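For reference, the structure is listed below as structure tokens.
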Amino acid sequence: MSDEDRVRAHVFVSGRVQGVYYRASTRDEARETGVDGWVRNLDDGRVEAVFEGPQQAVEAMIEWCETGSRAAEVEAVDVTTEPPEGVEGFEVRW
């Protein structure tokens, strides 16, 4: 896929999203969906993620974030779009 066919979304998820396997579930879902990027916990209790790939797949991940892992209680998902950076693979960051 060329860079012109990729999109990038920077996502912040608020609610009860730490300590509920949100990051691991996000990683698994992203890999299954074919999206590159990363996910990490923030000190303020939110989860931050970057999704990069085909527009439809990135949109599917944003939609997935609205529910997240089974134990999560998502209150808000804030999304900004950015130019793709060519990230490869998907990882949990610490």
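Taken together, the values in this text are just the output of simple stated rules run on the coordinates, not laboratory data. All of these numbers come straight from a predicted model, not from anything done at the bench. Methodologically, a virtual Cβ is constructed for each residue, glycine included, from the backbone with ideal geometry; neighbour enumeration extends over all protein chains shown.
All conditions but one from (1) touching a Leu at 6+ places or on another chain (Cβ under 9 Å); (2) at positive phi apply to Gly34; the one that does not is (1).
Among the residues of region 29-45, those that are assigned to a helix (DSSP H, G or I) and either basic (Lys, Arg) or under 10 Å from the mean Cα position of the chain (by Cα) (or both) comprise Glu29, Ala30, Arg31. I'd like the full set of residues that are in contact (Cβ under 8 Å) with a residue 12 or more places away in the chain and either hydroxyl-bearing (Ser, Thr, Tyr) or buried (at least 19 other Cβ atoms within 10 Å of the Cβ) (or both), limited to region 65-80. Selection gives Cys65, Gly68, Ser69, Ala72, Val77, Thr80.
Yes or no: Arg31 surrounded by 15 or more Cβ atoms within 10 Å (Cβ to Cβ) and basic (Lys, Arg)? Spelling it out, it is not the case that Arg31 is surrounded by 15 or more Cβ atoms within 10 Å (Cβ to Cβ) and basic (Lys, Arg). Number of residues in region 34-46 that are buried (at least 17 other Cβ atoms within 10 Å of the Cβ) and within 11 Å of Val92 (Cα to Cα) equals 4.
Hey, Met61 hits all of (1) within 14 Å of Arg27 (Cα to Cα); (2) aliphatic (A, V, I, L, M); (3) surrounded by fewer than 19 Cβ atoms within 10 Å (Cβ to Cβ) but one; which does it fall short on? (3) is the only condition that Met61 fails. Put simply, of Val7, Val20 the only residue that is surrounded by 13 or more Cβ atoms within 10 Å (Cβ to Cβ), in contact with a helix residue (DSSP H, G or I) (Cβ under 6 Å, 6 or more places away or on another chain) and touching a residue at least 12 places away in the same chain (Cβ under 8 Å) is Val7.
For region 23-46, taking the residues that are among the charged types (D, E, K, R) and in contact (Cβ under 8 Å) with a residue 24 or more places away in the chain, the one that is farthest from Gly68 (Cα to Cα) is identified as Asp36. Scanning region 46-72 for residues that are of a type outside the set (A, V, I, L, M, F, W, C), closer than 12 Å to Tyr22 by Cα and either more than 10 Å from the chain's Cα centre (by Cα) or not in a loop (DSSP other than H, G, I, E, B) (or both) turns up Arg46, Glu48, Glu66, Thr67, Ser69, Arg70.
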